[in-house]
There are 2 protein chains.
Amino acid sequence: MADGDAMNPEKRVRGGRNQRREERSKGAAVHRPYIVRGIPTYDILSEENLIRIEQTADRILAEIGIELREDHEAMRLYKAAGADVTEQTAGIWRVKFEPGMVREILKTAPAEFTQHARNPANSVRIGGKNVVFAPSYGSPFVMDLDRGRRYGTIEDFQNFVKLSQASPWLHHSGGTVCEPTDVPVNKRHMDMVYAHIRYSDRAYLGSITAPERAADSIEMSRILFGAEFVDQNCVVMGNFNTTSPLVLDGVTAAGIRTYAAANQGSIHLPFLLGGAVAPLTIAGMVAQGLAESMSSCALAQLTRPGAPTILASFFSSMSLKTGSPTFGTPEPAIASLAMGQLARRLNMPLRCAGNFSTSKLPDGQAMQQSMMSMMSAVQGGANYVLHSAGFLDGLLSMSYEKHVMDTDMCGALHAYLDGMAMDDDALAFEALNELGPGQHLFSTQHTLRHYETAYWDSQMDDNQPWETWDEQGGIDSAKRANARWKKTLAEFEAPALDAGIDQALQDFMARRKGAVQDMWY
Amino acid sequence: MADGDAMNPEKRVRGGRNQRREERSKGAAVHRPYIVRGIPTYDILSEENLIRIEQTADRILAEIGIELREDHEAMRLYKAAGADVTEQTAGIWRVKFEPGMVREILKTAPAEFTQHARNPANSVRIGGKNVVFAPSYGSPFVMDLDRGRRYGTIEDFQNFVKLSQASPWLHHSGGTVCEPTDVPVNKRHMDMVYAHIRYSDRAYLGSITAPERAADSIEMSRILFGAEFVDQNCVVMGNFNTTSPLVLDGVTAAGIRTYAAANQGSIHLPFLLGGAVAPLTIAGMVAQGLAESMSSCALAQLTRPGAPTILASFFSSMSLKTGSPTFGTPEPAIASLAMGQLARRLNMPLRCAGNFSTSKLPDGQAMQQSMMSMMSAVQGGANYVLHSAGFLDGLLSMSYEKHVMDTDMCGALHAYLDGMAMDDDALAFEALNELGPGQHLFSTQHTLRHYETAYWDSQMDDNQPWETWDEQGGIDSAKRANARWKKTLAEFEAPALDAGIDQALQDFMARRKGAVQDMWY
């Protein structure tokens, strides 16, 4: 049995790993709906130090509290739960929580839940030992090697949905994969949700930029899944940012309530840039992140106890020379590992880290920074890893080439998280004994049995001899990725969608879009 | 106290971390002689599975044994220690060890030792919680963006010694940083050792390609340090490869004995390419690596009990499509983490992993693969990390640009391994309390106190806004590295070397070189 197997439901079914290997040997990469980790998490903090962070988070919530803006219903919910609420000016409240109170509220949050995909084979299980990769989220710009940086459009958006769907190494279609800036601000959320439904058969995120857009996202999901199913199952999630430090604005609070009331998922993300909206010290940043995310998660649980709720944090640092934000640096990686431990102590699913970088090109810096950040996600036990593919330019740009390179890295991380098989066959004494010292193992029975499936085989890396690589043009990984995304898009076939549902979605969008004027801000 | 501090002598001195921060704030990067890790290791295998690997290694040594070639004295030592030795053909013996016997022999190996540098401030402590980074080793080719790939020369060799010395993020000058192919094979070892002594004041590796070259390396070190000092202290080490699977050749065995007899360090490295010279399965590769390295280490201990001895393994995989070796892939990373656990159970220092890649350019692939591999070294607890800088082309080429990019990454890993400070100042409650919710922390006392030293600040990464980067030419990280190494070499000043010692070294080399004809193979 591999390490950690005892608690791993996938592995308890004898042959999970072997079956994947067999499937791999049949040809192309085999998509798994999500990863069930086969290696433990990387726990860097002692119990004592975890408690110090938790106590600091509790103290922040008790003595400073959070500032809630404009959402009277959220205020009412917090107050009814026993929080100490003081109105500071009209519609702005300071909400304080006795130590332990938020933790108590969060006990109704599920430790794991399923987000359903329209293709049931692609439904994802979020929480526990599960790891779900989703593409990057929220960039206003897109980039490719041919056209450089430019504002994203709905065509770019659709392209990224297609590229994600085509990758066997992502599990979730994500949300705002780029901003479709050519569609009015108050209508683009529907085009985004529609693109996820039309060009992907995986799970997706909905809009959070206004409560009515959240409602539209859920309503479109009801058309797809049926209203009754949606009330009992999570089919869409919203990714909510607190306004750090320690503010929950009214749009966000109302959006959280909208998703939770519909029993849909919500992710509660403080975006913490140390020195700007959080302390520069790692421990302080983590304590603040925990406090903000916990208090935001609590609103979802107070709205509808048991609603799927994901604890989250996005840690970044800054260049001490220029004050610019930095991503993929060591301190946020350490913070993310700690956040993993804290989430497990809360028994809640976690979103944390991803393939972060400040580079403007899919170059060495980009992949080095990404790997440092992404490793903290998979090692730290993050369950939902948004920003798994495409992130460049400090999240300002979604890169076509980086998307391809990152998804290939996500493939490698599948093999990494599988860990090490440990049985007599894997220990391979007989393989060495067959021919003995000094003899190559190419022709042993053991090698013949394993050679088609033993290793992760990248579709993007160049592992050829230098001479072959040179003869073939001597190109770098970014240029290979450039060719790859074009080929993928050219060959893309959208998964079949029921024509009646498609028509109903289009009718809904036409009706909703027709009812209001375009807004561009 | 940071996690793990209780056992961390550096940190027990109050202010170790703070003092470094203060020093950093004074200007340029501050060189530390080596890293003392502030975070725990990443332990992925259970006790039960570690024992299964150890038992398999023991069984390999007991039932298959190792093949020893040509070195009669090594045979005698193994036999005298109780090994079961059978001569198979003239000068070729099969050596088998009862389970537990090698482990018993290795009890005389020091858990930690100091390798002295000619500048005492740069002496390195190898073993325990210490991490030492050294540049890559053994490439016949060198590469840069201007001239492409070509055979290495002694000028390249000197350049890489200078680049390593100039980096604050390496701790050790390494050994064969590239093959100086313009110097005769039987004389180049002296030019290499001389270059390390002349252009660096850090510790270095000597030659292992023939017993007399090992002896020359030690003799030159005696000229530098004095014969008496050398007999009592480690000042040079040899990096020895077993001939996998399960062979110890005569040149290697005699070289090991030469270093150990002189009380100098030896590294015992099986270079395991799964499917070729090791099983394709991870557990089997690790068990074999442990068996080979342990039996090789035992020869050093039998030669001179207590001689500095480093357990080691180099794990690589292969492309299942082409049979080419692959580096920086997930399976070897998992194997390296396991090797770390096994080394700690032996209470011996470990060399494992490094910045491995098969890429032919310092591109995204190069840095992604490197980071996956290097993370396994620093997380797994490797104490001496050879190949920390410059490795490309599956170890066939040493890259100038990659050296610069890797050393910068090594800097980031210093901050990573420092982990998280954990005191009231780091927890930063007062920082958040000072201005309260919704207020940026730029001007808080806490930020002002920390902003010069809080974060790792890369010298190579571009973290500027896109517009600034674009105005400055929009170049990638490889091109920045190209400019950087040229600047570094142009500005390099060799550390002062006593003129008498320099003359004595040159006299020694002239005498030794004059005594034999050039050999080119």
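Only the coordinates and a few stated rules stand behind these numbers; no lab work does. Here the structure is a predicted model, which means the values were calculated and not measured. Positions of Cβ are generated from backbone atoms using ideal geometry, with glycine treated the same way; all protein chains shown enter the neighbour counts.
What's the longest bit of chain A with no exposed trypsin sites (Lys or Arg not before Pro), using DSSP loop states and at most 16 other Cβ atoms within 10 Å as the test? If you can, show how the numbers build up before the last one.
Numbers: sites that count: A:14, A:26, A:147, A:321.
Looking at chain A, A:322-521 is the longest stretch - no exposed trypsin sites (Lys or Arg not before Pro) with at most 16 other Cβ atoms within 10 Å.
Give, as a single signed number, the net charge of other residues whose beta carbon lies under 15 Å from the beta carbon of residue B:465, with Lys and Arg counted +1 and Asp and Glu -1. Walk me through the intermediate numbers first.
On the way: positive: A:149, A:321, A:360; negative: A:393, B:461, B:462, B:467, B:470, B:471.
Once positives and negatives cancel, what remains is -3.
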- Query: What list of whole percents do you get for P(r) of segment A:47-102, with Cα-Cα distances grouped in 5 Å bins up to the one holding the largest distance?
  - Reply: 5, 21, 26, 20, 13, 8, 5, 2, 0
- Query: Which net charge results when you count Lys and Arg as +1 and Asp and Glu as -1 among the other residues whose beta-carbon is under 15 Å from that of residue A:243?
  - Reply: -3
- Note on the structure: Treating every alpha carbon of segment B:334-465 as one equal point scatterer without solvent, the Debye formula yields log10 I(q)/I(0) values at q = 0.13, 0.17 Å⁻¹ of -0.71, -0.92
- Cα pair distances of segment A:390-447 binned at 5 Å [whole percent]: 4, 15, 14, 11, 11, 10, 9, 8, 8, 7, 3, 0
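Taking 1 over the mean of 1/r across every pair of different Cα atoms in segment A:109-418, what Kirkwood radius in Å do you get?
Values: mean 1/r = 0.0532 Å⁻¹.
Across segment A:109-418, the inverse of the average 1/r is 18.8 Å.
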- Message: Binning at 5 angstrom from zero up to the longest distance, how are the C-alpha pair distances of segment B:303-386 distributed in percent?
- Response: 3, 17, 23, 20, 15, 10, 6, 3, 2, 0
- Note on the structure: Cross-link reach from residue A:486 to lysines, straight Cα distance under 24 Å and at least 8 residues apart if same chain, gives A:162, A:360, A:402, B:321, B:360
- Message: Quick check for me: using +1 on Lys/Arg Cβ and -1 on Asp/Glu Cβ, what's the dipole size of segment A:109-418 about its Cα centre, in debye to the nearest 20?
- Response: 380 debye
- Hey, what number do you get for the protein assembly as shown at 222 nm if only DSSP H runs of n ≥ 4 count, each worth -39500 (n - 2.57), divided across all residues, to the nearest 500? -13500 deg cm²/dmol
- Once the Cα atoms of segment A:443-521 are picked out, what are the Rg and Dmax in Å? 24.0, 71
- Note on the structure: Here D for segment A:165-281, in µm²/s, from Stokes-Einstein with a Kirkwood Rh over Cα pairs at 20 °C and 1.002 mPa s, works out to 142 µm²/s
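When averaged across all projection directions, what area in nm² does the alpha-carbon convex hull of chain B cover?
Mean projected area of the Cα convex hull: 26.8 nm².
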- How many nanometers, to one decimal and shortest first, lie between the label point of residue B:521 and those of its other copies, if labels sit 7 Å from Cα toward Cβ? 8.0
- Item | Dipole axis of chain B (+1 Lys, Arg; -1 Asp, Glu on Cβ), positive-most option in B:373, B:243, B:414 | B:243
- Tilt of helix B:154-166 relative to the longest C-alpha principal axis of chain B, in degrees (0 to 90, nearest 10)? 50 degrees
- Query: Tell me, Kirkwood radius of segment A:242-323 from alpha-carbon pair distances, in Å?
  - Reply: 13.1 Å
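So if I place +1 on the C-beta of Lys and Arg and -1 on the C-beta of Asp and Glu, and nothing else carries charge, what would the dipole magnitude of the protein assembly as shown be about its Cα centre? I want it in debye, nearest 20. Please list the in-between numbers first.
Working: 98 positive and 122 negative charges, 94 e Å.
For this selection, approximately 460 debye.
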- Note down the net charge around residue B:490, summing +1 for each Lys or Arg and -1 for each Asp or Glu among other residues with Cβ under 15 Å from its Cβ. -1
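Pull out the extension gain between residue A:107 and residue A:231, defined as 0.36 nm times the separation in residues minus the alpha carbon to alpha carbon distance; nm, one decimal. Don't skip to the end; give the middle numbers.
On the way: separation 124, 0.36 × 124 = 44.64 nm, distance 2.10 nm.
Working it through step by step, the gained length comes to 42.5 nm.
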- Note on the structure: Sorting from shortest, the nanometre distances separating the label point of residue A:497 (7 Å past Cα along the line to Cβ) from those of the same residue in the other copies are 7.1
- Message: Between residue B:324 and residue A:510, what is the label-point separation in nm under the 7 Å Cα-to-beta-carbon projection?
- Response: 5.3 nm
- Rounded to a whole number, the Stokes-Einstein D of the protein assembly as shown in µm²/s (Kirkwood radius over Cα pairs; 4 °C; 1.567 mPa s) is 44 µm²/s
- Query: Considering amide H positions built from the backbone, and no H for Pro or chain starts, which residues 5 or more places from residue A:319, or on another chain, come under 5 Å of its amide H?
  - Reply: A:324, A:326
- Sort out for me the Cα centre separation of segment A:54-125 from segment A:451-466, rounded to whole Å. 47 Å
- Message: If each label sits 7 angstrom from Cα along the C-beta direction, how far apart, in nm, is residue A:323 from its counterparts in the other copies?
- Response: 6.1
- Over segment B:53-178 - Rg/Rh using Cα atoms and the Kirkwood inverse-distance radius: 1.13
- Work out the charge dipole of the protein assembly as shown with +1 on the Cβ of Lys and Arg and -1 on the Cβ of Asp and Glu about the Cα centre, then indicate which of A:508, B:390, B:60 is farthest towards its positive end. B:60
